[in-house]
Every structure is written in structure tokens, then in C-alpha cells.
Amino acid sequence: HWRPQDPDAFPESANWAKTATWASPAELRSMKARADFEESESLRLMKASAERTRLKDSLEAARDEGRAWRSLLQETGDDLVDSVLASLEFLGFQVTNADELPQHRGRKREDLRVRDGDWVCLVEVKGYTGAAKSNDLMQLSSAHAAFAASTGAEADSLWYVPNSFRRDDPHQREVALVGREEDVASFGTDMSGCVIETRELFALRQMVATGQIAATEARACLKRARGRFVAANVAKGS
């Protein structure tokens, strides 16, 4: 009858000897230490849970930025042009969407006009679910001729920026214009041109974003690139 009312005073068994009522001073100190630990551990777990939730929410919020950051590897058309434009601006270039130039109204010329001081480059951007096309290089040649005719000066460089096999894992994509190395070499030699795959531009931008190289160095590497640009060569200092 009394046990439910006061279990310490009327224990079920010999467990009464382990209660605080009948404990020695050493036992009381140990009991308190354990209780303090359990309380602090509970508080720690609560804080950890709250921090885990905060970090999860932060990562989810960063996903939107991540999708925009990876658009360089996934988009085509105007969205890809905008992504390349933003990436080149991130590196410190002054970039103009050439479709907005009044002299290009109703005409298909280069997609982007890139400047770094007095240096000028014409850029053609293409997105493909399959392979890049070498006749895109001829379109740049035509744009270059029109630029020279309208300005009385030649562009310093021509860039072909393909996003080929854009639905595939970038690691598994075939190299743009593979098997057309003569065309790529001629583009570099005869027209001061360079093929810059979007995944290579992504890698270069990543190096700048993570502080591996300065934006000035990245721009210099792109400006002197001819034939085919490989971001890994920048990391090696070549």
C-alpha cells in the first residue's frame, strides 16, 4: 500500500541502498557529477541538433546558387550565353552581349564581345546535347571579318566556347572537336583562336573563386591561349 506513495522509503528490493536518501557522501558526489554530465550532454545534443538543422537549411539555400553556378555546364541558347557572360565578368573581363549592339540588329554575329583594357575578343557560345561542330569556327571567322570591316581593326582573339554533351557528367564528356585537331590548330594559328570548353572555363573560374589563382592571372592565361584551352595547365603553371 505504501510503496506506490513513497518508493524510496518502501523499495521493491535492495535497490533502496542505491538511492540518495541512504547514500554516502562519496556516492552523493558521484551521483551529482553524473547528473551534471547528463544535463550538459542533453544541452550539447540540443545545440548540435539545432546547428545541424541550421547547416541543412544553409545548404538548401546554397543549392539555388549552385544551380546557377553549374548552368555553365548544363544550359544552351541564351541561358548559356548569359552564364558564359557572367563567368567572364567574374574573372574581371568587360563583356557585352553582342546581340545588344545596334549594328548587329537583325544579323547573327558573335555572341559576346570581351574586353580587357584595349584587348578585344569575339566569342561564340554553343550548347549541344551531342558533339561540338567545327563549322562553328567558320561562323566566328565571318564575325571577325564583319568586326574588322566595321571598326577598321582586327580582334585580338577569337574564342569558341562549346558546351557539348551538356546532359552528361562533365568528367565523362568527349573532348570538343576531338579528331579535328588540325582545325583547332589552324584556328589557333591563323585566327588567334581558342576552343574553351565550358567545363574548362568552369574549372578556371573555380580556381579563382577558391583563391588558387588571381583573376588577373586567369585573364592572362585566357588571353594568351591558342588552339585549345586546358585549365589543368594553368594549375601546373604552364
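The values are calculated or read from the model by the stated rules, or taken from the named source; none is laboratory data. Just so we're clear, the structure is a prediction, and the values are computed from it rather than from any experiment. Virtual Cβ from ideal backbone geometry, glycine too; neighbours counted across all protein chains shown. Heavy atoms of the whole protein, side chains included, go into the accessibility calculation; ligands, DNA and RNA do not. Shrake-Rupley method; radii C 1.70, N 1.55, O 1.52, S 1.80 Å.
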Counting only residues in the range 86-98 that are touching a strand residue (DSSP E or B) at 6+ places or on another chain (Cβ under 7 Å) and in a helix (DSSP H, G or I), the one nearest to ARG167 (Cα to Cα) is identified as LEU88
Only one of VAL178, VAL195 is closer than 19 Å to GLY130 by Cα, of a type in the set (Val, Ile, Thr) and open to solvent by 30 Å² or more (accessible area, probe 1.4 Å), namely VAL178
Scanning the range 56-79 for residues that are open to solvent by less than 60 Å² (accessible area, probe 1.4 Å) and farther than 30 Å from GLU100 by Cα gives ALA62
ask   = When you look at THR53, is it of a type in the set (Val, Ile, Thr), open to solvent by 30 Å² or more (accessible area, probe 1.4 Å) and at pLDDT below 95, yes or no?
value = yes
Margin query: Please verify whether GLY179 is in a loop (DSSP other than H, G, I, E, B) and either closer than 14 Å to LEU88 by Cβ or modelled with pLDDT under 95 (or both), treating the condition exactly as stated.
Written below: yes
Result of the Cβ filter at 9 Å on the range 18-45, keeping first residues that are aliphatic (A, V, I, L, M) and partners that are open to solvent by less than 90 Å² (accessible area, probe 1.4 Å) and part of a loop (DSSP other than H, G, I, E, B), at least 6 apart or interchain, is ALA20/ASP8; MET31/ALA23
Query - Test: GLU200 is touching a Phe, Trp or Tyr at 6+ places or on another chain (Cβ under 6 Å), outside any loop (DSSP other than H, G, I, E, B) and open to solvent by 20 Å² or more (accessible area, probe 1.4 Å) - result: yes
Every listed condition ((1) out of contact with any Leu (no Cβ under 8 Å at 6 or more places or on another chain); (2) closer than 30 Å to SER164 by Cβ; (3) open to solvent by less than 90 Å² (accessible area, probe 1.4 Å); (4) not hydrophobic (A, V, I, L, M, F, W, C)) holds for SER83 save (1)
